[in-house]
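The values are calculated or read from the model by the stated rules, or taken from the named source; none is laboratory data. Predicted model only: the values in this text are computed from it and were never measured. Positions of Cβ are generated from backbone atoms using ideal geometry, with glycine treated the same way; all protein chains shown enter the neighbour counts.
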Amino acid sequence: MNNIVYILAFLINLSFGQTVKQTAPEIEKYAKSIDKLKAENKLVKTFYPNMSGCGGGLYGYYYNKNLVLIDATYGAELGFSSRTIYIDQDKFLKIIYREHFAEWGKYEEKYPQDKFEYDPSKMTYTDTIYSITLSNPTVFHKKEGNKIISNKLDQPLLDRLLSCGQQMKLELQEVINQIDSLKFVNEMPYICETEICGDKLYWEAVSVGRSNIELLIDKLDDTTSTTANIVLFGGNYTVADIAYSALNEIIHNIPTFDLLGVPFDKDGCGYCSYWQHLNKDFTNRQKFKEAVKNWYHKNKDNLVWVENNKFATCDFNGKHPNGGHYELKTDTK
């Protein structure tokens, strides 16, 4: 019970209406808190699928709809650079920048191309880590291995990192905007005859959602009503309903009714028990969201990608926008 109280108090203290952390100890404590939330799957992970122009493979982590962590890695043929940025109230607090690259100059001195064939096992690498705490004054550490080799602020480097950070924030916002566009969906796919049907925004969310499953799960308690009609059952889809439909298009055979905690209505209207349960009480949606989230984190390492054109949300024999779906691994897969 004490642990629950502590966690709740900690999450409340992370509220984004408070003063941004200013001192180096405050920032360090905040960064460790974000790392803890990430390890406990309490942050919503977002992936930018188009490759960041300055960051490479780009992930963002959100708490209470606010970006609190950026993690990006730019891979090269022999080496990589990475950027980890901690954020509070849209303000950069700490940057960890790492450069891990092949030392071609040293290698070619020892093993000239005209005398030796290239041997990657003999290559050496730089491994430089810059830790920059944006307190007042700024704390700057340049390390090689475990040794600090400089405490002098490299302002041009910091300026480049801050500029890249701003660019990555905008790139991540593009993904957020795509998922947020679910509220504008006006038609859901049902029976598609000669071509794929349903709102284009829905299928775009399915495409971007393949690498942003946690963003879709985070929408499962969004009761914003849309103009999309629920065929057969009446009423309109909420954003939460559309997000769950997209999630089922990405991951097939999610145990919906097990997670809902209600039986499928075999003798009555079938799937109507889903709608009735979720529309009865908002807390039912919150519990369902938490159940889906827990199921995903428990099973995500056992999800395998299956290439085919099977649709979950409509009857159609054409090409699937994702070219496949995830499903739980079995003994035969």
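Taking the listed residues T227, T223, T256, the one that is among the hydroxyl-bearing types (S, T, Y), more than 20 Å from P49 (Cβ to Cβ) and without any contact (Cβ under 8 Å) to a residue 24 or more places away in the chain is T256, with no other qualifying.
Suppose the filter is out of contact with any strand residue (DSSP E or B) (no Cβ under 7 Å at 6 or more places or on another chain) and under 16 Å from P321 (Cβ atoms); does V206 pass it? Answer is yes for this residue.
What strands (runs of 3 or more DSSP E) completely inside the range 87-157 contain at least 3 residues that are among the hydrophobic types (A, V, I, L, M, F, W, C) and under 27 Å from the mean Cα position of the chain (by Cα)?
Details: elements: 91-101, 128-133, 139-144, 147-150.
Filter on the range 87-157 gives 91-101.
Residues in the range 290-313 that are touching a residue at least 60 places away in the same chain (Cβ under 8 Å) and surrounded by 15 or more Cβ atoms within 10 Å (Cβ to Cβ): V292, K293, Y296, F311, A312, T313.
Looking at this structure, is S121 among the hydroxyl-bearing types (S, T, Y), farther than 28 Å from K293 by Cβ, at pLDDT below 95 and surrounded by 16 or more Cβ atoms within 10 Å (Cβ to Cβ)? Give the derivation first.
Details: among the hydroxyl-bearing types (S, T, Y): yes; farther than 28 Å from K293 by Cβ: yes; at pLDDT below 95: yes; surrounded by 16 or more Cβ atoms within 10 Å (Cβ to Cβ): no.
For S121, the condition - among the hydroxyl-bearing types (S, T, Y), farther than 28 Å from K293 by Cβ, at pLDDT below 95 and surrounded by 16 or more Cβ atoms within 10 Å (Cβ to Cβ) - is not met.
What about K147, is it farther than 22 Å from A228 by Cα, modelled with pLDDT under 95, touching a strand residue (DSSP E or B) at 6+ places or on another chain (Cβ under 9 Å) and not hydroxyl-bearing (S, T, Y)? First the steps, then the outcome.
Values: farther than 22 Å from A228 by Cα: yes; modelled with pLDDT under 95: yes; touching a strand residue (DSSP E or B) at 6+ places or on another chain (Cβ under 9 Å): no; not hydroxyl-bearing (S, T, Y): yes.
So K147 fails the test.
Within the range 69-86, the set of residues being part of a strand (DSSP E or B), free of Cβ contacts under 8 Å to residues at least 40 places away in the same chain and charged (D, E, K, R) comprises D71 only. Report whether or not K45 is closer than 18 Å to D90 by Cα, loosely packed, with under 14 Cβ neighbours inside 10 Å, at pLDDT 95 or above and touching a Lys or Arg at 6+ places or on another chain (Cβ under 9 Å). Judged against the criteria, K45 is not a match. For R160, state whether it is surrounded by 13 or more Cβ atoms within 10 Å (Cβ to Cβ), out of contact with any Lys or Arg (no Cβ under 6 Å at 6 or more places or on another chain), among the basic types (K, R) and touching a residue at least 40 places away in the same chain (Cβ under 8 Å). It is false that R160 is surrounded by 13 or more Cβ atoms within 10 Å (Cβ to Cβ), out of contact with any Lys or Arg (no Cβ under 6 Å at 6 or more places or on another chain), among the basic types (K, R) and touching a residue at least 40 places away in the same chain (Cβ under 8 Å).
For the range 278-289, the criterion of a residue being under 20 Å from D180 (Cα atoms), touching a strand residue (DSSP E or B) at 6+ places or on another chain (Cβ under 9 Å) and touching a residue at least 12 places away in the same chain (Cβ under 8 Å) is satisfied by at least one position.
Quick test for you: out of Q166, Q178, Q173, pick the one residue that is touching a residue at least 24 places away in the same chain (Cβ under 8 Å) and closer than 21 Å to G53 by Cα. Walk me through it before giving the result.
Details: Q166 fails: touching a residue at least 24 places away in the same chain (Cβ under 8 Å); Q173 fails: touching a residue at least 24 places away in the same chain (Cβ under 8 Å).
Selected residue: Q178, the only one of Q166, Q178, Q173 that is touching a residue at least 24 places away in the same chain (Cβ under 8 Å) and closer than 21 Å to G53 by Cα.
Among residues of the range 122-150 that are in contact (Cβ under 8 Å) with a residue 60 or more places away in the chain, those with a Cβ under 6 angstrom from a residue that is part of a loop (DSSP other than H, G, I, E, B) and among the β-branched types (V, I, T), sequence gap 6+ or separate chain, pair up as S135/T23. Return the pairs, sorted by first residue and then second, in which the second residue is assigned to a loop (DSSP other than H, G, I, E, B) and surrounded by fewer than 16 Cβ atoms within 10 Å (Cβ to Cβ), the first residue lies in the range 183-209 and is without any contact (Cβ under 8 Å) to a residue 40 or more places away in the chain, the beta carbons are less than 7 Å apart, and the residues are 6+ apart or on different chains. Once the first residue is without any contact (Cβ under 8 Å) to a residue 40 or more places away in the chain and sits in the range 183-209, its partners that are assigned to a loop (DSSP other than H, G, I, E, B) and surrounded by fewer than 16 Cβ atoms within 10 Å (Cβ to Cβ) give D199/N186. For T226, the conditions (1) closer than 26 Å to L43 by Cα; (2) at pLDDT 95 or above all hold with the exception of (1).
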